[in-house]
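Structure first, then comments.
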Amino acid sequence: MVSYNFPSQIHFLVITILVIITALLTPITTNTSPLPWNILSNDNFAGKLTTASTSVESAATDFGHITKIFPSAVLNPSAVQDITDLIKLSFDSQSSFPLAARGHGHSHRGQAAAKDGVVVNMRSMVNRDQGIKVSRAGLYADVDSAWLWIEVLNKTLELGLTPVSWTDYLYLTVGGTLSNGGISGQTFRYGPQISNVLEMDVITGKGEIATCSKDMNSDLFYAALGGLGQFGIITRARIKLELAPKRAKWLRFLYTDFSEFTRDQERLISETDGVHFLEGSVMLDHGPPDNWRSTYYPPSDHLRIVSMVKQHRVIYCLEVVKYYDETSQHSVNEEMEELSNSLNYVRGFMYEKDVTYMDFLNRVRIGELKLKSKGQWNVPHPWLNLFVPKSQISRFDYGVFKGVILRNNTTVGPLLVYPMNRNKWDDRMSTAIPEEDVFYAVGFLRSASFDNWEDYEKENMQVLLFCDDANMGVIQYLPYYSSQEGWVGHFGPRWNVFVERKYRYDPKMILSPGQNIFQ
């Protein structure tokens, strides 16, 4: 694994001071000035740039439903050149204006917003007849970044191929997940989605479009992957593929002992030819298992599970999946039986499903449709996602799952906790991760009401305060900070590299102001 040789402490201080001075002296970084009049009247954007209240209102909100940040206009590009022209216009203007790319709007806290600027509706460029080119010989797909991962999967499966790394929810854009990381239960084996990209086209904050890879414009390549949209807008990505399996053998095991639960997870992710998917979750004594994951268990067992939860207050579920096809269908049952015999779960609490590969990957869609039918989808989502070092996960369980969360009795929605291997990540990319060889992804994926979402926010702050006070080295995934000081702490010694790249690729601080990094 290649790492940067970071500059000295003096260099770090100089860079930080430069950022502060620029923020004070350069008016464009405040992102408060209205759009220059000549943009709205520019013929290049006729019929594409709109200030209609419905479009602006839609762009002001996101899946989180916690913030409402209004742009001045929305660009509905028909081609990449429209985006390039608009960024170039901002860059060349004396009064530059901010821009943000918006995919499916699944951000949580306005990260894809552009206050008083322009939100670029990337989905307007989707062309069902083009947009993806699959190479069977090269085992890759060239994909327009505005495509949803479910659309990519449908197209590649037509040729018997599939990407290898996924998110749990497939109705996210390619560009959106690659700008963050893209994690799920496959990450321990294949790495995050950003580790499975061969090449990209990126429009920088100067309005320049560049093709980049590990061998060409490599610094931009690594900067944009996990770069939170700070260095450019990804418009195309070349994604690794492999032969697609046909089915998934899907097992779930319940645990009452956290140490046994984590020990089994860590052993399984260390095996080179074991399961293809592994995730863990937490069930608390907050009433019946009424979130979408309760559909994983047969109704006849719900009372048994609820009884065990009430007895222990906190229990854990391990999910593992082995993919197979015609060539391996005879051995998969034997392999999974051997695996289950080796685990230290509570006997009598194993659950098995055998589903198609597509049905497994698209499993969250069932929960989405269920919540939509109840009017519980377009509600506040005060989510919190963390990376917790392996050495701290037991303290986290005791202080957070069995402490803060259980005490507050507010959690509604899945709580995920599963490990991944650091050697599947690349330090040259922008995503911040812990230093330990194994670390856990912990996700508080809660749904709230418009009346009580602030209670969840307070709980999130209690969790973060506990981690900070215990000096656990926890790092936010899909991060949000209200000040630049928070971002400096988030990136740690990599902050100065992040800042240098910002000045290199977006010196006027035009792109993705909603991340609140360079205000």
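Selection of the stretch 362-391 for residues being more than 28 Å from ARG304 (Cα to Cα) and among the hydrophobic types (A, V, I, L, M, F, W, C) yields TRP377, VAL379, TRP383, LEU384, LEU386, PHE387, VAL388. Listed by first and then second residue, the pairs linking a residue in the stretch 498-519 that is touching a residue at least 24 places away in the same chain (Cβ under 8 Å) and crowded, with 23+ Cβ neighbours inside 10 Å to a residue that is in a helix (DSSP H, G or I) and hydroxyl-bearing (Ser, Thr, Tyr), with Cβ atoms under 7 Å apart and 6 or more places separating them unless they lie on different chains, are MET509/THR29; ILE510/SER90.
As a summary of the residue check, TYR345 satisfies the conditions (1) modelled with pLDDT of 95 or more; (2) buried (at least 16 other Cβ atoms within 10 Å of the Cβ); (3) not in a loop (DSSP other than H, G, I, E, B) except for the one numbered (3).
Contact map, the stretch 254-266: first residue farther than 23 Å from HIS302 by Cβ and open to solvent by 40 Å² or more (accessible area, probe 1.4 Å), second residue in a loop (DSSP other than H, G, I, E, B) and not hydrophobic (A, V, I, L, M, F, W, C), Cβ cut-off under 6 Å, separation 6 or more or different chains; pairs are GLU260/ASN344. Among residues of the stretch 319-341 that are within 22 Å of SER281 (Cα to Cα), those with a beta-carbon under 9 Å from a residue that is part of a strand (DSSP E or B) and among the small types (Gly, Ala, Ser) at least six positions away or on a different chain give the pairs GLU319/GLY280; GLU319/SER281; VAL321/ALA248; LYS322/ALA248; TYR323/ALA248. Per the listing THR22, THR32, the residue uniquely modelled with pLDDT under 95, open to solvent by 40 Å² or more (accessible area, probe 1.4 Å) and under 21 Å from GLY229 (Cβ atoms) is THR32. Here is the figure for the stretch 237-284: residues that are within 30 Å of GLN130 (Cβ to Cβ) and either of a type in the set (Ser, Thr, Tyr) or within 24 Å of the chain's Cα centre (by Cα) (or both) total 7. Whether a residue is open to solvent by 10 Å² or more (accessible area, probe 1.4 Å), assigned to a loop (DSSP other than H, G, I, E, B) and free of Cβ contacts under 8 Å to residues at least 40 places away in the same chain was assessed, and ALA137 passes this test. Of the residues GLY176, GLY103, the single one that is of a type in the set (Gly, Ala, Ser) and out of contact with any strand residue (DSSP E or B) (no Cβ under 7 Å at 6 or more places or on another chain) is GLY176.
Residue check: is PHE498 in a helix (DSSP H, G or I), under 23 Å from the mean Cα position of the chain (by Cα) and either modelled with pLDDT of 95 or more or under 23 Å from PRO419 (Cβ atoms) (or both)? Spelling it out, PHE498 is indeed in a helix (DSSP H, G or I), under 23 Å from the mean Cα position of the chain (by Cα) and either modelled with pLDDT of 95 or more or under 23 Å from PRO419 (Cβ atoms) (or both). Inspect the stretch 215-227 for any residue being in a strand (DSSP E or B) and among the small types (Gly, Ala, Ser) and give the result as yes or no. Taking every residue of the stretch 215-227 in turn, none turns out to be in a strand (DSSP E or B) and among the small types (Gly, Ala, Ser).
Looking across the stretch 465-495, the residues that are free of Cβ contacts under 8 Å to residues at least 60 places away in the same chain, part of a helix (DSSP H, G or I), open to solvent by 30 Å² or more (accessible area, probe 1.4 Å) and within 29 Å of ASN409 (Cα to Cα) come down to LEU465, ASP468, ASP469. Figure legend. Inter-residue proximity from the stretch 79-96: first residues touching a residue at least 40 places away in the same chain (Cβ under 8 Å) and part of a helix (DSSP H, G or I), second residues hydroxyl-bearing (Ser, Thr, Tyr) and buried (at least 19 other Cβ atoms within 10 Å of the Cβ), beta-carbon distance below 7 Å, spacing 6+ or different chains. Indicated pairs: VAL80/THR235; SER90/SER96.
For the stretch 94-117, the criterion of being of a type in the set (D, E, K, R), over 22 Å from ASP62 (Cβ atoms) and open to solvent by 10 Å² or more (accessible area, probe 1.4 Å) is satisfied by no residue at all.
If you go through the stretch 171-195 and pick out every residue that is open to solvent by 10 Å² or more (accessible area, probe 1.4 Å), among the polar types (S, T, N, Q) and more than 11 Å from the chain's Cα centre (by Cα), you end up with 1. Being at pLDDT 95 or above and open to solvent by 10 Å² or more (accessible area, probe 1.4 Å) is the requirement here; does ASP129 meet it? Here the answer is no, as ASP129 does not meet what is asked. Could we say that SER165 is outside any strand (DSSP E or B) and open to solvent by less than 20 Å² (accessible area, probe 1.4 Å) here? So SER165 fits the description; yes.
For VAL332, state whether it is farther than 22 Å from PRO298 by Cα and among the hydrophobic types (A, V, I, L, M, F, W, C). Against the criterion (farther than 22 Å from PRO298 by Cα and among the hydrophobic types (A, V, I, L, M, F, W, C)), VAL332 qualifies.
Within the stretch 140-162, track down each residue that is assigned to a helix (DSSP H, G or I) and open to solvent by less than 30 Å² (accessible area, probe 1.4 Å). Listed by number, the residues that qualify are TRP149, ILE150, GLU151, VAL152, LEU153, THR156.
The values are calculated or read from the model by the stated rules, or taken from the named source; none is laboratory data. All figures in this text were calculated on a predicted structure; none of them were measured in a lab. Cβ: placed from backbone, ideal geometry, glycine included. Neighbour counts: every protein chain shown. We work out accessible area using only protein heavy atoms, side chains counted, and drop any ligands, DNA or RNA first. Shrake-Rupley method; radii C 1.70, N 1.55, O 1.52, S 1.80 Å.
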